[in-house]
Every structure is written in structure tokens, then in C-alpha cells.
Amino acid sequence: MAISTTQTGQLTQQLRAGKRLEEITAPLNAQKRPAYQPSERVKKAAAFAAAGTADTPQKKSVGRIIGGWLAAIAIVAVIFFIIFRFVIQVVGIQGSSMSPTLEQGDRIVVSDLFYTPKQGDIVMISDDNVLGKQLVKRVIAVSGQTVEVTDEGDVLVDGAILDEPYLTELTQSPGDMTYPVTIPEGQVFVMGDNRAQSLDSRDTVIGLIDDSDIEGHVLFRIYPFGSFGGVE
């Protein structure tokens, strides 16, 4: 805003009188020029530009959210694939050789992660056998132990009768295995809990099982739902 000669003289006098410049010029600054009034065309163009500016970050934000969810789903899918391919398996029981512990149609979870066979464990054995299918059996003895199955139906491990609370009847047949048998390194002796209906290590067509043929330890049963839980 331009200042006249008269106003300049007045400013000088007031400054000499001790007033601050801000106090002197405040009334002058309060004098506003007529406000600029944009045309309707300019208003519409400004509104359109503002709307576009507001929508763009929102669209980018939604895109980032969807992309994030897709990436998370892909990661979860890969993790599940690795777990179910290399860590655990879900297997259906076929046959009655493990009855009453496991019944036909039961679904079990098997894992071989850091697993070493132990006496009493229920394990899944590969299909590299005369039956050509995976077998689920109980480990009776591991390497270094000696097994004997008597004609009276007793199972002895290292000379002591094995306590088998999971059986509903005695072992009726010793099979054609020659006893006593000491289990070599890297092998185990297995039997089904339903001894009358199980083809297992008592019979030489199955015989002793290599540790490398054990695909995992049965962790728990997931079906039927009423029997969900650990398996012993």
C-alpha cells in the first residue's frame, strides 16, 4: 500500500514521540483492498482439482491395504505348505491293526521334526513294504534291546514282560520271527495294538523297520472330533 507525503511526516513525528513502528502501522495495515472474486469457471476448476487431490491418496491407500493383505495371505500359504509338506502330515487310518487305540477312519497328525524313535511311540512307516502302503504301528523295541514273543502271548523286552495297557487281548501269535532277537543299530521292532489283525515285525515279510523308513511320530488325533487329543 502506497503512503503519501503527509502520512510520512506523521509517521516521523510519532516515531520521535516514542511510539513503536508496529503500533503506528497497524491502522494502515487494517485498510484492506477489495477482495478478489473468482469467476464461476475458476471456482469449478479449483473444486475439481481439490477433489482429485483428495481422492488420489485414498486410492493409493486402499491399493496399499489390498496389496498388503495379498502379500500376507501368500506368506501364510507358503508357511502352511512348508509345514504340511516337510514338518507334519495329516493321515487317515486304514484298517484295524491299531484298534482300539486308533480305528478305521481316524485322522491323525504325524511329525518327523527332530524325531528319534522311542519305545512305546506310535509311528508311521513308509510304503516301502510288501503291502505297498504306509503302516501305523507301535515301537516295541529300539536298537540294542532284545525282544521275545512267547507262545503264551507274553512280549518280553530285555527279559522283562512288557507292560501293555493299550491291549484288549494277549499277543496270540509270535509270527515266524526267530526269537530272541536283538535289534541292530538303526532299526526298530514294531507291532500293532490289535495283535490278531496286525502284520508287523513278528512276520519276516515285514520284519525289523529301518529308522529311515519311519516317516514320523503320531502326535494326536484330530478326527473324530469327539476323540480329539493325544494318542498313547
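Values quoted throughout were computed directly from the atomic coordinates according to the rules given, and no laboratory measurement underlies them. Note that the structure is a prediction, hence the values are computed from the model and not measured. Because the Cβ atoms are built from the backbone with ideal geometry, glycine has one as well, and the counts that use them run over all protein chains shown.
For Gly120, nonlocal amide neighbours, meaning residues 5 or more places apart or on other chains whose placed amide H falls under 5 Å from its own, are Val139, Ile140.
Under the combined filter of DSSP loop state and at most 10 neighbouring Cβ atoms within 10 Å, the stretch 177-231 retains none of its trypsin sites (Lys or Arg not before Pro).
For the stretch 139-190, what's the relative contact order in percent, using C-alpha pairs closer than 8 Å and at least 6 residues apart?
Numbers: 83 pairs, mean separation 26.8, N = 52.
With pairs under 8 Å counted, the relative contact order is 51 percent.
In sequence order, the stretch 100-116 has phi-based couplings of x, 5, 10, 10, 3, x, 4, 10, 10, 9, 10, 9, 10, 5, 6, 9, 10 Hz under the Karplus curve 6.51 cos²θ - 1.76 cosθ + 1.60, θ = phi - 60°, and Gly or Pro positions carry x.
Which trypsin sites (Lys or Arg not before Pro) does the stretch 128-177 hold that lie in a coil by DSSP with at most 16 other beta carbons within 10 Å? Each step should come with its number before you reach the end.
Numbers: sites: Lys133, Lys137, Arg138; in loops: Lys133.
Hits after loop and neighbour filter: Lys133.
The simple Förster model, with R0 at 41 Å and r as the Cβ-Cβ distance, assigns Ser143 and Val78 a FRET efficiency of 0.65. Charge tally around Ile222: other residues with Cβ under 10 Å, Lys/Arg +1 each, Asp/Glu -1 each, net +1.
About the Cα centre of the stretch 82-139, what is the dipole size in debye to 20, counting +1 per Lys and Arg Cβ and -1 per Asp and Glu Cβ, all else neutral?
On the way: 6 positive and 6 negative charges, 11 e Å.
That gives a dipole near 60 debye.
Built from the Cα atoms of the stretch 102-232, the convex hull projects on average onto 7.8 nm², one quarter of its surface area. Summary of packing: across the peptides 156-164, 101-109, the per-residue average of other C-beta atoms within 10 Å ranks them, highest first, as 101-109, 156-164.
Annotation: amide H-H contacts under 5 Å for Val136 (H modelled 1.01 Å from N, sequence separation of 5 or more, or interchain): Ile125. Other residues within the sphere of radius under 12 Å centred on the Cβ of Arg195, judged by their own Cβ, net out at -3 (K and R +1, D and E -1). 3J(HN,Hα) couplings calculated from phi for the stretch 121-136 with the Karplus curve 6.51 cos²θ - 1.76 cosθ + 1.60 (θ = phi - 60°) are, in sequence order, 5, 9, 10, 9, 10, 4, 7, 7, 8, 5, 7, x, 8, 5, 10, 10 Hz; Gly and Pro show x. Computed from label points 7 Å out along Cα-Cβ, the spacing between Glu103 and Ser212 is 3.9 nm.
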